[in-house]
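Beneath this line is the structure, given in structure tokens, with notes to follow.
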Amino acid sequence: MALNGTVVRLHGQHAWIRSDGTEYMCAVRGKFKQGKRKERSPLAVGDLVTFTPLPDGEENEGQLESIEERRTELYRAHPRFPRQRQVLAANIDLLVIVAGADLLSEQLLTVDRLLISAYSQGFIPLIVINKIDVVPRPELEPLLRDFAGVIDIEYVSASNGELGTLKGRFSGKTAVFAGPSGVGKSSIMNALEPGLGLRIGHVDKEGEGRHTTTHASLVPMAGGLVIDTPGVRDFGFWNLELHEISLYYPDWQTAREQCRFNTCTHRHEPGCGVKAAVEAGTISQGRYGRYMTILRESWNEQERLGY
Ligand SMILES: Nc1nc2c(ncn2[C@@H]2O[C@H](COP(=O)(O)OP(=O)(O)OP(=O)(O)O)[C@@H](O)[C@H]2O)c(=O)[nH]1
Ligand SMILES: [Mg+2]
Ligand SMILES: [Zn+2]
């Protein structure tokens, strides 16, 4: 009889599937081997599947039967095959975007990219600034003023166990932790759920992480399911037209409504409400500058890949 389960880990041609608290190893073969076009792997952590347990295995083994259509996905360009997508996590409700207090200004571009992923895919973002034991909150708030009142922000320290109201946000949800290497994603999860025992890395002199988490994995945490991911900087959204990118800037909505053209990309178009807001200081130069970087990179990427 087929069971329902969730993919919790992937390794090579094998998927580990959790069903009712038991994990089953399933080979990914046959009709499932060929993923969707532009994807190398047919499965991602968080996928909902059906499978049939196999008798007599030393380990619990199963045979994969079907994969449910995904509600949402977090993906990037495959590091080795840039025309293909790598889905880091599937069926997510909440995207926890983690940055480090010590390197926040350099990491805001990644935060902005993840916000675009969240809003374009329809998952709720939460920004978590970790390591407030190193740089105190009043020094960080000005860097994040664009998001005030629009996107939830938690200031935490995994080291000190100062976790704000983070723990209450996971109940009944599937969440994914994403952000650069070394910001403390795994550390925060360990602090929220003692006993998880996720591996923690070191940071070098520049504060950069060492890519300690190498594969996404899904674990039960604080009443929900949470996917820890390896630190990544680049998130793809090359399916978006350039003028669509700013649709996923919720803090720009009022300004955007003032633009003369509804396909405005806010670069050199006349009558641009966003540029007016930057001049008036309601949108920060930083957030606008990073938008221009994202626009330029998306354009280069689309040219290169011939979209
Ligand atoms: N000062 C300080 N250091 C922290 C804090 N949280 C984590 N660290 C340190 O930051 C380093 C990286 O932590 P990890 O939890 O491995 O970071 P990660 O984001 O999971 O990194 P990857 O798995 O490489 O993506 C470790 O040396 C931690 O001890 C914190 O709140 N304050
Ligand atoms: Mg980690
Ligand atoms: Zn505009």
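The values are calculated or read from the model by the stated rules, or taken from the named source; none is laboratory data. Here the structure is a predicted model, which is why all the values come from computation and not from measurement. For neighbour counting, all protein chains shown are included, and Cβ atoms are generated from backbone atoms with ideal geometry for every residue, glycine included.
Checked against the criterion of being away from ligand 2 (no atom under 16 Å from the Cβ), over 30 Å from GLN285 (Cβ atoms) and more than 18 Å from the chain's Cα centre (by Cα), the candidates SER171, SER159 yield just one match: SER171.
Determine, yes or no, whether SER187 is within 10 Å of ligand 2 (Cβ to nearest atom), in contact (Cβ under 8 Å) with a residue 24 or more places away in the chain and surrounded by fewer than 19 Cβ atoms within 10 Å (Cβ to Cβ). Break it down into steps so the answer makes sense when it comes.
On the way: within 10 Å of ligand 2 (Cβ to nearest atom): yes; in contact (Cβ under 8 Å) with a residue 24 or more places away in the chain: yes; surrounded by fewer than 19 Cβ atoms within 10 Å (Cβ to Cβ): no.
No: the conditions fail for SER187.
For the condition within 25 Å of ALA77 (Cβ to Cβ), at pLDDT 85 or above and within 16 Å of ligand 2 (Cβ to nearest atom), SER217 qualifies.
Kindly state which helices (runs of 4 or more DSSP H) lie completely within the range 237-307 and contain at least 1 residues that are within 25 Å of the chain's Cα centre (by Cα). Can you show your working first?
Numbers: elements: 253-256, 273-280, 285-305.
The helices (runs of 4 or more DSSP H) meeting that bar are 253-256, 285-305.
Would you confirm whether or not the range 211-222 contains a residue that is among the hydroxyl-bearing types (Ser, Thr, Tyr) and part of a strand (DSSP E or B)?
Residues of the range 211-222 that are among the hydroxyl-bearing types (Ser, Thr, Tyr), as a first pass: 212-214, 217.
Of the ones still in play, those that are also part of a strand (DSSP E or B) are 217.
Yes, the range 211-222 contains a residue that is among the hydroxyl-bearing types (Ser, Thr, Tyr) and part of a strand (DSSP E or B).
When only residues in the range 174-199 that are over 17 Å from the mean Cα position of the chain (by Cα) and assigned to a helix (DSSP H, G or I) count, which is nearest to ligand 3 (Cβ to nearest atom)? Per the stated criteria, the residue is LEU192.
Looking for something over 17 Å from ILE124 (Cβ atoms), of a type in the set (D, E, K, R) and in contact with a helix residue (DSSP H, G or I) (Cβ under 6 Å, 6 or more places away or on another chain) - is there at least one such residue anywhere in the range 231-247? Looking for residues that are over 17 Å from ILE124 (Cβ atoms), of a type in the set (D, E, K, R) and in contact with a helix residue (DSSP H, G or I) (Cβ under 6 Å, 6 or more places away or on another chain), one finds at least one in the range 231-247, hence yes. For first residues located in the range 134-163 and closer than 17 Å to ASN190 by Cα, partners that are polar (S, T, N, Q) and assigned to a loop (DSSP other than H, G, I, E, B) and lie 6+ apart or on another chain with Cβ distances below 8 Å form the pairs GLU154/THR165. Within the range 164-191, being more than 12 Å from ligand 1 (Cβ to nearest atom) and within 18 Å of SER217 (Cβ to Cβ) holds for PHE170, LYS173, THR174, ALA175, VAL176.
Residues are listed down the side, and each one gets a yes or a no for (1) modelled with pLDDT under 95; (2) of a type in the set (A, V, I, L, M, F, W, C); (3) closer than 30 Å to ARG83 by Cβ:
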| position | (1), (2), (3) |
| --- | --- |
| TYR249 | no, no, yes |
| GLN258 | no, no, no |
| THR265 | no, no, yes |
| HIS268 | yes, no, no |
| ALA280 | no, yes, no |
| TYR288 | no, no, no |
| MET292 | no, yes, yes |
| GLU301 | yes, no, yes |
| TYR307 | yes, no, yes |
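Identify the single condition in (1) touching a residue at least 24 places away in the same chain (Cβ under 8 Å); (2) farther than 25 Å from ARG137 by Cα; (3) acidic (Asp, Glu) that GLU269 does not satisfy, given that it satisfies every other one. Every listed condition holds for GLU269 apart from (1). Scanning the range 119-133 for residues that are within 19 Å of TYR249 (Cβ to Cβ), in contact (Cβ under 8 Å) with a residue 40 or more places away in the chain and not in a loop (DSSP other than H, G, I, E, B) yields a count of 4.
Scanning the range 254-282 for residues that are hydrophobic (A, V, I, L, M, F, W, C) and over 17 Å from LEU295 (Cα atoms) returns ALA255, CYS259, PHE261, ALA276, ALA277, ALA280. When residues in the range 138-158 are screened for being touching a strand residue (DSSP E or B) at 6+ places or on another chain (Cβ under 9 Å) and farther than 15 Å from SER105 by Cβ, 8 of them pass.
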